[in-house]
Each structure stands twice: as structure tokens, then as C-alpha cells.
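The values are calculated or read from the model by the stated rules, or taken from the named source; none is laboratory data. As the structure is a computational prediction, the values presented were derived from the model and not from experiment. Quick reminder, even Gly has a Cβ in these numbers, built from the backbone with ideal geometry, and neighbours come from all protein chains shown.
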Amino acid sequence: MDKELLENRKNMIYEFMCSDLYVPMKLKEMAILMDVPRDERGDLEQVLSELLNEGKIELSRRGKYSRAESRLLCGTFAGNVRGFGFVSVEGEEKDIFIPEAQVNGAMDGDLVQISLPPGKPSGKRREGVVEKILQRGVTRLVGTFQKSKSFGFVVPDNLKLAQDVFVPLEHSQGAVDGHKVVVELTGYGSDRKKPEGKVVEIIGHINDPGTDIMSIIKGYDLPMEFPEKVLKQAENVAKPVSTADMAGRKDIRDWQTVTIDGEDAKDLDDAITLTREGDHYRLGVHIADVTNYVQERSALDGEALNRGTSVYLVDRVIPMLPHSLSNGICSLNAGEDRLALSCIMLIDKKGNLVDHELAETVVRVDRRMSYTSVRKILKDQDEAERAEYQELIPMFERMEELAAILREKRRKRGSIDFDFPETKIILDRQGRPLEIKPYERNVATRIIEDFMLLANETVAQDFFWQELPFVYRTHDTPDSEKIQKLGLFINNFGYSIRISQEDIHPKELQKLLDKIEDTPEEPLISRLTLRSMKQARYTTVNTGHFGLATQYYCHFTSPIRRYPDLQIHRIIKETLRGKMTEKRITHYEELLPEVAARSSQMERRADEAERETEKLKKVEYMSEHIGETFEGVISSVTAWGMYVELSNTIEGMIHVTSLKGDYYHYHEDTCELVGEATGTRYRLGQKIQIVVADTDRMLRTINFVLPQDAEKFGLDVTPESEGQQEEKEL
């Protein structure tokens, strides 16, 4: 049934059920009354199912349909380790709280129908009741197998799945205590009965190297191997660039061209050219033409859409495309002819875009540069490095000059720049963490970032004004309630932000971050500002990018590792070739909403998996440092304790129950824990010394205590090592 017909039938049947003449009836009774032929009853059932999912009608235990009396909503249930949960409903600003007693068998990820009690308690979060589970979100899970004499059970790794899974021994595949397994659920249990399942894969023993990361990969259902058909297709298309391939393309192989990436990068999908023309800069951002090899609706394309993005875990990369493409013909390797899609921009000395051209090109990179080399050339003035790349130095200096102009222009319009260090984790061959440290941005990483931002903006603006179907990268204005809370909090430090008509301009937040730069409260206010903002996502409607303070933004620069970029390249090329007909416009209007939704969903999954592997290795690393003393900064304060972040980016918690000698109250308005008797205060951004108390690999948590409390927890305290002290002084 097409969408228009379905909507018409839904409206007709709902109006019928709302009439005074209607009495609750079963599907069969309704079909007879409405004279629906037997072979069309499936359509009627589909219409009723849609109305049920929308919460407009109810289905009684006796199978009778009636108009919904209480307000019913549908959404996704997110479980909590303590038994309660939340339901996120599309179109509703806030999630709805589900108390433990009202969960009624729902599990994390389930699509559920909930009812809301009449009225809304003032000042409180709305509460609901799970009335019906419409669709199960979890059919498989990963966990640790534990065996008893006559049966086994699996403790899920996902803490939001609060119940263990019962496994009959005949369905255990011979798993033993401590095996990490994948379980397929065969039953979801009830109030008196646990969920039941069967082991479909044994990943390995919990103590075996690599089992920990593989458990996360399986838990997030990340696809490891490419189907044979996809691999064969990749090999078939990954042919050297021929004269025929170059036909009709702009040949820029004689332009001085470089790639700048990390030392260990293998998929080099962006190259840069930059010349000075009087008072103007001509900047070329050249992106690998991946769509030349990944055709729409091919097996390669289907697999790329399914994956959505490459996933960067601590010990491996799970690519969106096979290596024969991503590390081969689609990688802009030095000295080799490559097909590219180029955004060539003319920029004046104030950073304004004067003109631009989008073109299918042929490029040949002169040198493959690393961020470290470019930093040595520009900042360290390293003689050996400058001698090695002498012919490129003028271009690198122009790059630094132009990047500074572009950054200042973005700053003036209010673009928000959060400079939190990423984590770099160095593992040994067994996967054990040897070192964990912050991975700071430098002059070279900023140059590439600035140029990619401009190319992404330029492409988005171009296609917005062409009024063609497109995938935008949007970032909505923060919730006014969160901004109001931020405003109240920063008043405690003597700062303020201007909010007009419940909205805030990004420039206000950027001005705040400028004011707090190099102050003791900078880490604290920066984090709270970040937490007050929404997540960016992919959409087909251009609503602008709040964080970058721009009306136009998209992802154009990484088609090897992000599906939206790949899709955008197709749209650009069809437009350049004059093939964007009405038929193709309709095609994209139907296709792109699914692409945007799927890509946003897969991005979230990748982000969560990456965070979990980092947390895992951080816990493993700190388990070797029990009893050692470190200095950190309080990064979050709650009623149950405070989180402390160390200089190596590792975060742990000091539970309020471990603060001996006083009773501590949490003050929400100032984000402080205050001792009732002593008046001792612990607040966000405060530097304190901590002792590593213990770690939990299952929960992936790290617990700290204060040095004065360490002995009470039986810890043999080691003071800060000389190495830690030297690092602090540096």
C-alpha cells in the first residue's frame, strides 16, 4: 500500500472509530461491517497497526479496537541498570521517565507504546507506563557465561539489560565459566521468569587477549568481514587510472599538491593546493572521487550504507569500504594519478569567499606529509625537516597564514571552538595499554581542519541555493532550559550570557569561552557549555549549524569513511554533468531521508563503541596503578560523588560515601559538595590529589579516594612518581 493511500485509509477508519455509533470490535467484525473482502483484510490490519503505533487507538485484551482514551505515545525505551528507564518520543522535547514498576518487561532498545497519566506534575519530569511492546530492539546480546550443574546463564555486558539470560545446557555450545558468548534470545521472560536464549557464538575466554574488544564489536553488531560479493566487486573496480578515466576531467596534475595526515593514516582522501594571486588566495581541496568506484545500488554501495561510517577503535579500524579501495585506488598516494572531486575557492585577505568552482579532476600528489613534519617546519623551524621539504615551505607558510585568517573570521561570527584533548592509547602486541596520553591539536591539524570546514560550508551553500535535494550536517540551537541553567551557574563566577527571546546566539557562548580562557574555571565552564548543547546530525532540511555559527554546512570531505559524503559526491557529479533531471530529483527526495536517518544512527553506534573501547583500556591501564597518587581536576559533581579527570584524560569517581569524617550535601545551583560540619567544598574545576582505589572491568569504572581516606580503604599509598612530577612541571 503506498503512503498516500495508507494515510487516507487511516483517516477514514479513525474518523469511523471516533463516531458515536462505533462500539469496540474485533478485526473480523470491523471487516464484515465495512464490507472489506477477505483478501484485503491484511491491508485493514496494517492500517489498524499504524494507528496503534501512533497511539490513536487501543487494543483490549479481548482483541477489540477502540479510540484511545488516555494519551498514548510510541517511542524507544532506554533501560537503566537500576531497573527504571526512559522513552524517547519523536517530536517530544524531553524523554519520559518510566518507573521500575511500570516497565512491564520492556528491554533497552525496544519500541514501546506508553500511556501518560492525566495532568502533568508541575516542575517534575513526566512519567509514563509501558502498555505494549511493539517491537523488540534486542534479539542478540553479548555477555559472560556462568555454568551451574544443570543449566547456564549469561550476564549481559550491556548494563541496561538488567536481567541475566537463562541458557539450557543443551543450547550452550559447550561454553564454560568465563567465556564471552553471543546469545540469541528465544524468550523475553516475565515477572517470574528470566529471559531465555541459546549460545550462537563463543568469542573467547574473558582473559584471552583480544576477547574484550571483540566482545564490544559483537555487542554493537559492528560488521567485521565484507561479503565475498563486495570484496570481488572492490577488486574488479580498483583498476589503475586510465586515459579514458581522465576524459572530460580538469587536469591539475601539475599543481603543487600535498596530503597532510597522521603518520599511521592509510586512507588519504583529501589533498591541498594553495597559491597566492595578488591579494587573493586560491585554495583547492581535492577529495578522492570514491563514487567513480562505488556505483549507486551496487553491492559496494549497499554495504557502505549499511555500515554508515568507518569505526575507529583503540586497536583497529573497521572500514566502511574494503581496503582495496580505501587504502588503494581511492587513496591519494604521492606520485600516482588519482581521480578527485575538487572544491577550488578564491578567498580575499579578510577570509571572504570571492568565487568557487566544483570540478571533477585528475590530481597527482607531490608529497605525503604528516602533521608532525608540518609542525616541525612551521613551529619548530627544524632545519633537517625544512631542508627535506624545501620546495614546499612557501606553500606551508601560505597555509598557516590563510588558516589564521579563516579561523579569525569564524571567531568573529561566533563559531565555538572546544579544545578538549582527544585520548591516544598505545597498546602492546597483546592489546594491553602501555601508555595513555592526550592527543593535542597542533598547527598542522588546525590548518587541515580550517580548510575542510570552508570546503564543507562552500559546497552546502552552493547546493542550498540551487534548491536541490541534499544531505546537510545540522546542529540545532540548545534547549532554552539548559542555557538558562548554564547562565545561572556562571553567575557564581561573575560571568553572564545574553539570551534574547529564549534563544542564544553562538557568539555569546564563544565570547564566554574567550573570557574564561586560562582561568582556573575554564575546564569546568567549557564542559558545562558543551553539555548544554545538542548533538549534530544529518538532515535533508537545512536548519544551520549552531556550533559553527553558519547557516550552511555538510560533510563533503571524507567519502572513504562517511556515507553522507559519498551521497553528496553523487549529487554534485550528476549536477555538474547536467543529469539532475526531475526524475533524479524525485529519486533523491525519496532516498535521502533514509540516508540521513541511517547515517546519524550508525554514527551514534560508532561513537558509543569507540567510547566503550577507550573506557575498557583506561580501566585496564589504571588497574596496574592501584594505590598510586595523581593530580586531577574535578570534571563533574553529582549528589552521589564527583568525577575527577587526570592529565592523561582518564576519569574516575570519588563516591560521596568514601569522603570520611563529614556528611556532604550536593548544591545543584553551584555544582558543589559541601561538608556539613567542616564546610569543606568540592566544586567543578577544582584541582585535587587522588589515590586510585579500585577498578571494575565489567562496569568499566574507576574509583578514586582522597589521600587522607586511602588508609581506611586498606590502600598502600604510593606518592606521585618522579615521572608524574616532572610531567606536571613541564
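Key figures
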| quantity | calculated |
| --- | --- |
| Among (1) surrounded by fewer than 17 Cβ atoms within 10 Å (Cβ to Cβ); (2) of a type outside the set (Lys, Arg); (3) within 30 Å of residue 693 (Cα to Cα), the one test that residue 576 misses | (3) |
| Exclusive hit being closer than 20 Å to residue 552 by Cβ and in a helix (DSSP H, G or I), set 474, 458 | 458 |
| Listing of helices (runs of 4 or more DSSP H) fully contained in segment 513-626 that carry 2 or more residues being closer than 25 Å to residue 408 by Cβ | 522-531 |
| Neighbours by Cβ (under 7 Å, 6+ apart or cross-chain): first from segment 95-119, assigned by TED's automatic domain parsing to the domain that holds residue 130; second buried (at least 17 other Cβ atoms within 10 Å of the Cβ) and acidic (Asp, Glu) | 113/131; 114/131; 115/131 |
| Considering residues of segment 666-689 that are among the small types (Gly, Ala, Ser) and in contact with a strand residue (DSSP E or B) (Cβ under 8 Å, 6 or more places away or on another chain) only, the residue surrounded by the fewest Cβ atoms within 10 Å (Cβ to Cβ) | 675 |
| Unmet requirement for residue 450, which otherwise passes all of (1) in a helix (DSSP H, G or I); (2) acidic (Asp, Glu); (3) surrounded by fewer than 13 Cβ atoms within 10 Å (Cβ to Cβ) | (3) |
| Residue satisfying condition, being part of a strand (DSSP E or B), at pLDDT below 95 and crowded, with 17+ Cβ neighbours inside 10 Å, within set 692, 637 | 637 |
| Segment 167-182 residues that are on the phi > 0 side of the Ramachandran plot, paired with ones that are among the hydroxyl-bearing types (Ser, Thr, Tyr) (beta carbon under 9 Å, 6 or more apart) | 178/144 |
| For residue 267: the one exception among (1) in contact with a strand residue (DSSP E or B) (Cβ under 6 Å, 6 or more places away or on another chain); (2) part of a loop (DSSP other than H, G, I, E, B) | (1) |
| Which numbered condition residue 262 fails, given (1) touching a Phe, Trp or Tyr at 6+ places or on another chain (Cβ under 9 Å); (2) closer than 21 Å to residue 334 by Cα; (3) modelled with pLDDT of 95 or more | (3) |
| Any chance residue 649 is under 30 Å from residue 430 (Cβ atoms) and buried (at least 19 other Cβ atoms within 10 Å of the Cβ) | no |
| Pick from segment 106-153, criterion polar (S, T, N, Q), in a loop (DSSP other than H, G, I, E, B) and under 19 Å from residue 198 (Cβ atoms), ranking: modelled with the highest pLDDT | 139 |
| Top-ranked residue in segment 361-393 [being surrounded by fewer than 20 Cβ atoms within 10 Å (Cβ to Cβ) and among the small types (Gly, Ala, Ser); ranked as nearest to residue 255 (Cα to Cα)] | 370 |
| Residues (touching a helix residue (DSSP H, G or I) at 6+ places or on another chain (Cβ under 7 Å) and within 30 Å of residue 612 (Cβ to Cβ)) located in segment 228-257 | 230, 234 |
| Qualifying residue in segment 278-293 (condition: of a type in the set (D, E, K, R), assigned by TED's automatic domain parsing to the domain that holds residue 371 and buried (at least 23 other Cβ atoms within 10 Å of the Cβ)) | yes |
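Yes/no matrix, rows are residues, columns are (1) over 20 Å from residue 285 (Cα atoms); (2) surrounded by 12 or more Cβ atoms within 10 Å (Cβ to Cβ); (3) in the same structural domain as residue 335 (by TED's automatic domain parsing); (4) in contact (Cβ under 8 Å) with a residue 24 or more places away in the chain:
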| position | (1), (2), (3), (4) |
| --- | --- |
| 199 | yes, yes, no, yes |
| 222 | yes, yes, no, yes |
| 237 | yes, yes, yes, yes |
| 260 | no, yes, yes, yes |
